[in-house]
Each structure stands twice: as structure tokens, then as C-alpha cells.
Amino acid sequence: MARSWERMVQRNTKQINQQRKKQGKDSIYTSSTKTAAKSIDIFKGRNIVFPVVLMLLGIMFWVVGSIDEAKGSRILANWLGVVLYFLLAALLFFRRPFLKVERARISTIKYNRERFLAAADIEKITLSRSVVTIKYKGKRKQWIFSKLINRYDTAAMGERLEQFAKNNNIEVVHE
């Protein structure tokens, strides 16, 4: 379905559910949403490395700007740059990366958008102690979830992805 159509359906469903609630009836799709919510597992990580690098760059620019402060030119631009580095570091730190495993697809956030990958499009899943790799079919692209970089619980993620692969007939490689 097109996204606009999905939004229209969700909006109309919300309105009808509000009307049914006022009438004392059950809402539409109550049983299907409860079972669908149970089959979704979300594994959240924490981005630490890139925000720390941005904080160090901000500190470096602050130090360089304070040394050059004697000339008195571009003080506002220097402070604006430092503050923006700190804000970007905070934004990336508090926006947690995730892997959402559903019944027939997985999703993650890439380039500030949620990306979906259907089970039919997955060639293989590679599991190791500290890294989980999901490879597309016929493409060179891979999704890599690292314990070192993004602090994922790769052991729990690996168990759930093994179950996902078994249900969808996907090759699993242990390294």
C-alpha cells in the first residue's frame, strides 16, 4: 500500500475506534494488534563512538578559538560551531539505533529513516560473538550490528535472528 493510503486508513481507524469506545464496544483490530505486538522484538543499542569524536572536535575548536580570541574576530562563529558540535553529539547519543525483528521482515534506522528488509530479500545472516551481519540477496550491501561500536546485545539478537531465519528459511552462518 502507498504511504498516503496507509495514513488515511490509520486516521479513519482511529476515528472509528474513538466512536466505538464512546459506544462501549471493542475497538477494531484489537486481537490482531495484540498478537502482532507480541511477535515484534526490538534490540536497542547506544551510539557512543561518534558522539565522543564530535565532543572531542568541539573541545578542540573551543581551545583553538580561545587561543585565537586575542584578535577578537569571529568569536560568535567559533562559539556557534562549538555549540553545534555539542548539540550534534547529544542528538546522536540520545537517538538510539535499533534492530526490529518482526515475523517476515526486519527493520533498522539508517540515514535518519527506518529501513525495512523483507525475509525474501535476505541472503544470509552471519552471527559471531560481537557482530551480527545481515546480507542482502544479490547485492553487496550488508547491515552490521556491532557490540563494540553501538553496544548491541548481540547474543540475544543472534538467538532471535536464528529463530527468524529458521521460520523464513534463511541461511545462518556462525563464526
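The values are calculated or read from the model by the stated rules, or taken from the named source; none is laboratory data. Note that the structure is a prediction, hence the values are computed from the model and not measured. Positions of Cβ are generated from backbone atoms using ideal geometry, with glycine treated the same way; all protein chains shown enter the neighbour counts.
Modelled with pLDDT under 85 and farther than 28 Å from Pro97 by Cβ: is that true of Lys25 in this structure? It is true that Lys25 is modelled with pLDDT under 85 and farther than 28 Å from Pro97 by Cβ. Considering segment 94-123, the residues that are hydrophobic (A, V, I, L, M, F, W, C) and exposed (fewer than 14 other Cβ atoms within 10 Å of the Cβ) include one that is farthest from Lys135 (Cα to Cα), namely Phe94. Does Trp79 satisfy the condition of being modelled with pLDDT under 90 and either over 18 Å from the mean Cα position of the chain (by Cα) or within 21 Å of Gly45 (Cα to Cα) (or both)? So Trp79 passes the test.
How many residues are out of contact with any Pro (no Cβ under 6 Å at 6 or more places or on another chain) and in contact (Cβ under 8 Å) with a residue 40 or more places away in the chain if we restrict to segment 149-175? Number of matching residues: 18.
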